[in-house]
Each structure stands twice: as structure tokens, then as C-alpha cells.
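Worksheet for the structure shown next.
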Amino acid sequence: MGWKISFCPNTNFRTMFQVRPSQFELECRHTIRSHGRQLARDHRQDWLILLLLVVIEIALNVINPFYRFVGEGMMEDLMYPMKENTVPLWAVPLYAVFLPMIVFFLYYLRRNDVYDLHHSVLGLLFSVLITGVLTDAIKDAVGRPRPDFFYRCFPNGRDEYDRWGNVVCHGDPADIKEGHKSFPSGHTSWSFAGLGFLALYLSAKIKCFDRSGHVAKLCIVFLPILVACLVAVSRVDDYWHHWQDVFAGGILGLVVATFCYLQFFPPPYQNEGWGPYAYFRAVEDLRSNPLPQDTTNMLGTNQERASTSVVGSNLDSAFDAMESGRK
């Protein structure tokens with residue numbers, strides 16, 4: 001079907017007998033061993049900010065949300081039964097974070113491009129953490145009751161109100177606190193942030209927009225989006241969220257994922273959309289400043305190839321001297 005993806009040049013008769021690696025071969029070898037440490041050092045500020053986002057996310061989950069006024073007339077839409085989550089909270093990082101990371105690592109094993117691995121992981125983590133901070137900050141500020149708020153507030157089914165008409169809850173404080181975090185949906189926003197980032201990544205890697213007419217590629221791109229949509233639907237079916245909550249969460253996650261992806265990668269529809277910006281900058285630097293012979297080892301060549309290259313260079317110098325009459 002013409003779906004084979006190949007970014008590094010294939011071996012031909014010219015490159016097969018070259019003792020020294022070609023320039024294009026060097027360009028395709030940015031490994032963890034050769035460039036990983038320097039790359040992590042260059043982005044240490046980004047990783048520190050990620051840790052700060054984790055601390056903020058934890059704090060937002062510890063503090064109490066705004067306890068919005070809930071009157072008796074509002075209870076008609078808040079009397080749905082309390083149910084367990086179809087998609088448990090612990091499962092969200094598995095499919096929204098670790099699953100995309102597995103895809104990134106498998107691609108690294110094929111491509112040996114540490115720039116792609118590092119920036120995809122960094123972009124994904126920023127996507128989900130920024131989305132998480134925004135989601136929980138809005139949750140705490142809005143304090144919208146969940147559809148099952150009545151039975152969180154009144155487990156025995158007997159409602160009680162103060163003189164202003166506001167609820168006087170006598171349920172579990174943890175359930176009541178969680179009952180004021182309906183808008184927006186955290187499951188949905190995290191799902192669209194992680195799986196939306198994965199969908200953009202896959203669309204670039206399989207060259208979905210190469211104008212070749214292989215529309216079946218869209219099935220691969222839409223699969224992560226479908227999973228995120230099913231998670232969003234489950235939140236409404238479980239009566240943990242109103243439809244507006246999941247709609248806002250999905251939009252929030254997709255927007256953040258798009259912004260974070262475009263920080264590191266070109267748009268998938270561009271000719272160079274398959275690789276990160278950093279890779280192309282490294283290639284340009286390599287072309288404008290060719291590396292000396294003794295650094296080929298650092299770019300993935302073995303010791304035998306390096307020593308053979310030195311011998312070949314000495315023989316070339318000897319032949320040149322003989323031809324010029326100096327020997």
C-alpha cells in the first residue's frame with residue numbers, strides 16, 4: 001500500500017563500501033549515549049518547571065474547592081445515583097501518559113533519534129501537567145456540583161437547608177469535597193491532552209497529510225481520539241459529570257496538546273513534519289560544521305570503523321605524495 005516509512009537513507013552500492021560513514025548516516029545517529037546528556041542539560045529548566053507543575057497539581061487537589069450555593073430548586077438535576085468510575089483514576093496515567101511514551105520509545109529504537117524521544121516525552125508531560133493544573137484550578141474556582149451531589153450531601157436521602165436555602169450536608173466530607181469538582185472533567189481533559197498529543201505525533205510519523213490519498217491512515221490517527229471520546233462518554237454515564245463538563249474538558253485538553261506539540265515539532269502537514277525542530281537544527285549544524293574524524297565514534301560508529309578510517313586516510317596521503325614526486 002506504500003505505507004513504508006523511511007527517514008534515513010537506504011544503503012546502496014556507494015555507501016556499502018565506504019569505510020567512513022557518510023554525512024547522511026551521521027545525521028541519523030543522535031542517540032541517548034551520544035547526545036542524551038547534553039540534551040537533558042540544555043533543557044534542565046524545562047524539567048524543573050515540570051516538577052513545579054507537579055507540586056502545584058498536588059496543592060490544587062489538597063485545597064478545598066469553592067462551595068457553591070446549592071438550593072432546593074437546583075436539586076432536580078443533582079439527584080443521580082452515586083456510581084463507581086468505569087475508568088478508574090489510576091488508569092488515566094496508564095493510557096494517557098505511559099502508552100504514548102511506549103510509542104515514542106519504539107520509534108526511537110527504529111530511528112535512533114534522541115531529539116525525537118526527548119522532545120516527545122517532554123512535550124507530552126507538559127501537555128498533561130499544564131492541562132491538569134488548568135483543569136483543577138478551574139474546578140476549585142467554579143465549584144460546580146456533580147450530577148450525584150444530592151446523595152453525596154445527603155446519603156440517607158433526607159435533605160436539609162439553612163435559613164438562606166443553602167444545603168446543610170451531613171455526608172462524608174471527602175465525598176462532599178469531591179462533589180464540588182464537576183467542571184471541567186479531569187478524566188476527559190487528561191485523556192485528550194495525552195491521546196491528542198499522541199494523535200498528532202502519529203499523524204506526523206505516518207505522513208498522514210502527504211497528499212498520496214491513503215485515507216486509511218486516518219484510522220490510526222483517530223484511534224487515540226476515539227479512546228478519549230469513550231472516556232468522556234463514560235464520565236456522563238457514571239453521573240460524575242454533566243455534558244458541558246466533558247465538552248469543556250475535551251476542548252481544553254486538545255488545545256493544550258496542540259500548543260505543546262507545536263513547541264517541539266512542525267505541523268504534521270508540512271514536509272518536515274515527521275521530525276522535531278531540534279533534529280533539523282542539529283543536521284544543519286553538522287552540514288555547516290563537519291565533525292573531525294576522531295568524533296565519529298561519538299555518533300555511533302564502532303572502534304573498528306574508526307581505526308580503518310584512519311588507516312585509509314594515511315594511505316590516501318601516501319598515494320598523494322607519490323603522485324606529486326615527493327616519494
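The values are calculated or read from the model by the stated rules, or taken from the named source; none is laboratory data. Because the structure is a prediction, the values reported are computed rather than measured. Here the Cβ is made from the backbone with ideal geometry for all residues, glycine too, and neighbour counts use every protein chain on show.
Anything in the stretch 70-93 that is part of a loop (DSSP other than H, G, I, E, B) and touching a Phe, Trp or Tyr at 6+ places or on another chain (Cβ under 9 Å)? List them, or say none.
Val70, Leu78, Met79, Tyr80, Pro81, Met82, Lys83, Asn85, Val87
If a residue has to be under 31 Å from the mean Cα position of the chain (by Cα) and on the phi > 0 side of the Ramachandran plot to count, how many in the stretch 136-193 make the cut?
1
Residues of the stretch 195-215 being in contact (Cβ under 8 Å) with a residue 60 or more places away in the chain and either closer than 16 Å to Leu94 by Cα or not in a helix (DSSP H, G or I) (or both), which ones?
Within the stretch 195-215, Leu195, Gly196, Phe197, Leu198, Ile206, Lys207, Cys208, Phe209, Ser212, His214 qualify.
Taking the residues in the stretch 59-68 that are in contact (Cβ under 8 Å) with a residue 40 or more places away in the chain and assigned to a helix (DSSP H, G or I) as candidates, determine which candidate is surrounded by the fewest Cβ atoms within 10 Å (Cβ to Cβ). Working first, answer last.
Restricting attention to the stretch 59-68, the residues satisfying the condition of being in contact (Cβ under 8 Å) with a residue 40 or more places away in the chain are 60-61, 63-68.
The next check asks that each one be assigned to a helix (DSSP H, G or I); those that pass are 60-61.
Working: Leu60: 18, Asn61: 14.
Filtering the stretch 59-68 for residues that are in contact (Cβ under 8 Å) with a residue 40 or more places away in the chain and assigned to a helix (DSSP H, G or I), the one surrounded by the fewest Cβ atoms within 10 Å (Cβ to Cβ) comes out as Asn61.
Do we have Val227 as touching a helix residue (DSSP H, G or I) at 6+ places or on another chain (Cβ under 8 Å) and in a helix (DSSP H, G or I) here?
Spelling it out, Val227 is indeed touching a helix residue (DSSP H, G or I) at 6+ places or on another chain (Cβ under 8 Å) and in a helix (DSSP H, G or I).
Somewhere in the stretch 177-194, is a residue in contact (Cβ under 8 Å) with a residue 60 or more places away in the chain and more than 25 Å from Leu94 (Cα to Cα)?
Yes, the stretch 177-194 has at least one match.
Going by the conditions given, is Gly171 without any contact (Cβ under 8 Å) to a residue 60 or more places away in the chain, in contact with a Lys or Arg (Cβ under 9 Å, 6 or more places away or on another chain) and more than 19 Å from Tyr261 (Cβ to Cβ)?
Judged against the criteria, Gly171 is a match.
Return the pair list, or none, for Cβ contacts closer than 6 Å from residues in the stretch 232-245 that are in contact (Cβ under 8 Å) with a residue 40 or more places away in the chain and over 20 Å from Ala193 (Cβ atoms) to residues that are assigned to a loop (DSSP other than H, G, I, E, B) and of a type in the set (Asp, Glu), at least 6 apart or on different chains.
Short answer, once both residue conditions are applied: Tyr239/Asp148.
Name the pairs: first residue in the stretch 69-91 and surrounded by 11 or more Cβ atoms within 10 Å (Cβ to Cβ), second residue at pLDDT 95 or above and aliphatic (A, V, I, L, M), Cβ to Cβ under 7 Å, at least 6 apart or on different chains?
So the pair list comes out as Val87/Val231.
Which one of the conditions (1) modelled with pLDDT under 95; (2) surrounded by 21 or more Cβ atoms within 10 Å (Cβ to Cβ) does Asp136 fail to meet, given that it meets all the rest?
(1)
Which residue pairs have Cβ atoms closer than 7 Å, lie 6 or more positions apart in sequence or on different chains, and pair a first residue in the stretch 120-133 that is within 9 Å of Val54 (Cβ to Cβ) with a second residue that is in a helix (DSSP H, G or I) and among the aliphatic types (A, V, I, L, M)?
That search, which allows pairs on different chains as well, returns Leu129/Leu50; Leu129/Leu53; Leu129/Val54.
Inside the stretch 258-287, can you point out the residues that are of a type in the set (Ser, Thr, Tyr), under 20 Å from Leu195 (Cβ atoms) and in contact with a helix residue (DSSP H, G or I) (Cβ under 6 Å, 6 or more places away or on another chain)?
Result: Tyr261, single match.
In this structure, is Arg146 closer than 24 Å to Val227 by Cα and surrounded by 20 or more Cβ atoms within 10 Å (Cβ to Cβ)?
Answer is yes for this residue.
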